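The values are calculated or read from the model by the stated rules, or taken from the named source; none is laboratory data. As the structure is a computational prediction, the values presented were derived from the model and not from experiment. Cβ placement follows ideal geometry from the backbone for every residue including glycine, while neighbour counts extend to all protein chains displayed.
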Amino acid sequence: MNRKAFLKRSTLGVSSLLISPSILSEDSKLKKMPVSSDNTSFALATWNVKSATIVAGEELNKGTDSLNAAVKGVAIEESNTLNTTVGKGGAPDREGNVSLDACVMNSKGNCGAVMAVENITHVAALAKDVMEKTPHAILAGEGARKFAIEQGYKAEDLLTNESKLAWEKWLKKSKYKPEINVENHDTIGLLCFDLEGQISGVCTTSGTAYKMKGRVGDSPIIGSGLYVDNTIGAAVATGLGEEVIKTVGSFLIVELMKQGKNPQEACEEAIKRILEKQREKPNFQVAYLATNRKGEIGAYSIHKGFSYTIYKNKTCLNVDSKSYF
C-alpha cells in the first residue's frame, strides 16, 4: 500500500471512531448536493489572465477533466515572460535566482505541490506529476528539480533580461516592503468546474519579488493557497502569503461554505479574519476567489484593485472584486 493510500485509510479509520452518526448523515447529504444549475462547465482565475482562462475553459468544453484543464490554462501564464509573478520571467529572490512554487488539488481530494524549484518553467504540471507519480504530496528545492528532469522537463534559465534589470535596480536600495497590487497581478489561481461536475484547482507563482532565498508563501500550501472539496466547492488565495498562511485562508473559506455561507460571504469572512489581527490599515494585499457546487462565485480583497476572470458559455469576462477598503 502506498503512503498516500495508507494515510487516507488511516484517517478514515480514526474518523469513523470520532465522528457522530448525525455528522456522517450530514456528509451524505453534502454528496448529493446538486451541481451547477445550468450544468455548464466554467474556468475561474485570479487576476486578468484571459488567455489562460480561455484555454482552460475551451479544454473543459472539449470534455477535458477539471484538473488537466486547469494545468493547461496556467501553463499559458507560466510561459508568458511579460508576467513577472509566475513561471519564466518571474521576479528573482534577493540573490538573483528565480524559484517557483505550485500546487494542485483534484476532485478526489488528492494533491501535489512543489516548492522553491529552480530552472523549471511549468511547475503546475510538475506538482500534478508529484501527485500522480510519487508516493509524496510535496517535493522541494533540488529534489523537485531533479524529479522534473527525470520526467523530461526542460531545464532553463528563468531569469529574463527584464527581470534581471529590475532586480539590479532593486539592489541599489535593497529595501523590502510588500506593495499593494503590483502590476495588478500576482499568484495565478485557477479553478475549473468540468462537464462531469468535478472541481479541481491549481495555484502557481514565483513568490514575492526579492524574497529571501528559500522563502515559501501560501501558494504551494494546500489549505492556504488552494483548497478543494468536491462536495462543497473550492477557493484560491493571492497576495501576501504570510498573512494567508496564518488563517489557512482557502480551507477556511471552504469550511465556511460547508457551514452554509455562500462563496461571497465566505470570502468576506476570511478577509475579516486577517484584519482582526491588524491594529491599523494594512499596507499589504490579500484576495480570495471561491466557487461552490451551485456555480456561485465569491471574490473579496483587503484593498481595491483585485479582479478575477471567468470563462463560461464561450464568453470570457474580467470582473472587479469588492474590497474591504
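Report yes if some residue within the range 68-75 is modelled with pLDDT under 95 and among the hydrophobic types (A, V, I, L, M, F, W, C); otherwise report no. Checked the range 68-75: no residue is modelled with pLDDT under 95 and among the hydrophobic types (A, V, I, L, M, F, W, C).
For Ser219, the conditions (1) out of contact with any strand residue (DSSP E or B) (no Cβ under 8 Å at 6 or more places or on another chain); (2) surrounded by 23 or more Cβ atoms within 10 Å (Cβ to Cβ) all hold with the exception of (1). What is the residue count in the range 45-84 for residues that are free of Cβ contacts under 8 Å to residues at least 24 places away in the same chain and β-branched (Val, Ile, Thr)? Result for the range 45-84: 1.
Rundown of residues vs (1) out of contact with any Asp or Glu (no Cβ under 7 Å at 6 or more places or on another chain); (2) at pLDDT below 95; (3) not in a strand (DSSP E or B), yes/no style:
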| site | (1), (2), (3) |
| --- | --- |
| Ile274 | no, no, yes |
| Lys277 | yes, yes, yes |
| Phe284 | no, yes, yes |
| Ala287 | yes, no, no |
| Ala290 | yes, no, no |
| Gly295 | yes, no, yes |
| Tyr300 | no, no, no |
| His303 | yes, no, yes |
| Tyr308 | yes, no, no |
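Annotation note: of Gly207, Gly241, the sole residue that is closer than 26 Å to His122 by Cβ and touching a strand residue (DSSP E or B) at 6+ places or on another chain (Cβ under 7 Å) is Gly207.
Considering only residues that are at pLDDT below 95, touching a Phe, Trp or Tyr at 6+ places or on another chain (Cβ under 9 Å) and not acidic (Asp, Glu), look in the range 180-200 and name the one that is surrounded by the most Cβ atoms within 10 Å (Cβ to Cβ). Among them, the one singled out is Thr187.
Go through the range 130-172 and give me each residue that's buried (at least 17 other Cβ atoms within 10 Å of the Cβ), over 14 Å from Asp101 (Cα atoms) and without any contact (Cβ under 8 Å) to a residue 24 or more places away in the chain. The one that is buried (at least 17 other Cβ atoms within 10 Å of the Cβ), over 14 Å from Asp101 (Cα atoms) and without any contact (Cβ under 8 Å) to a residue 24 or more places away in the chain: Phe147.
Only one entry in Ala148, Ala144, Ala75, Ala127 is of a type in the set (A, V, I, L, M) and in contact with a helix residue (DSSP H, G or I) (Cβ under 6 Å, 6 or more places away or on another chain), namely Ala148. Scanning the range 70-84 for residues that are more than 12 Å from Lys128 (Cβ to Cβ), small (Gly, Ala, Ser) and in a helix (DSSP H, G or I) returns a single hit, Gly73. Number of residues in the range 244-261 that are within 21 Å of Val216 (Cβ to Cβ) and surrounded by fewer than 24 Cβ atoms within 10 Å (Cβ to Cβ): the value is 6.
In the set Thr231, Thr238, only one residue is surrounded by fewer than 24 Cβ atoms within 10 Å (Cβ to Cβ), hydroxyl-bearing (Ser, Thr, Tyr) and in contact (Cβ under 8 Å) with a residue 24 or more places away in the chain; that residue is Thr231.
Would you confirm, using the coordinates I've provided, whether Gln264 is within 19 Å of the chain's Cα centre (by Cα) and either surrounded by fewer than 24 Cβ atoms within 10 Å (Cβ to Cβ) or modelled with pLDDT under 95 (or both)? Answer is yes for this residue.
Does Glu58 fit the bill of being of a type in the set (D, E, K, R), under 23 Å from the mean Cα position of the chain (by Cα) and at pLDDT 95 or above? Yes. All conditions in (1) of a type outside the set (Lys, Arg); (2) touching a His at 6+ places or on another chain (Cβ under 9 Å); (3) crowded, with 21+ Cβ neighbours inside 10 Å hold for Asn48, with the sole exception of (3). Here Ala209 clears all of (1) modelled with pLDDT under 95; (2) of a type outside the set (Asp, Glu); (3) surrounded by fewer than 20 Cβ atoms within 10 Å (Cβ to Cβ) except the condition numbered (3).
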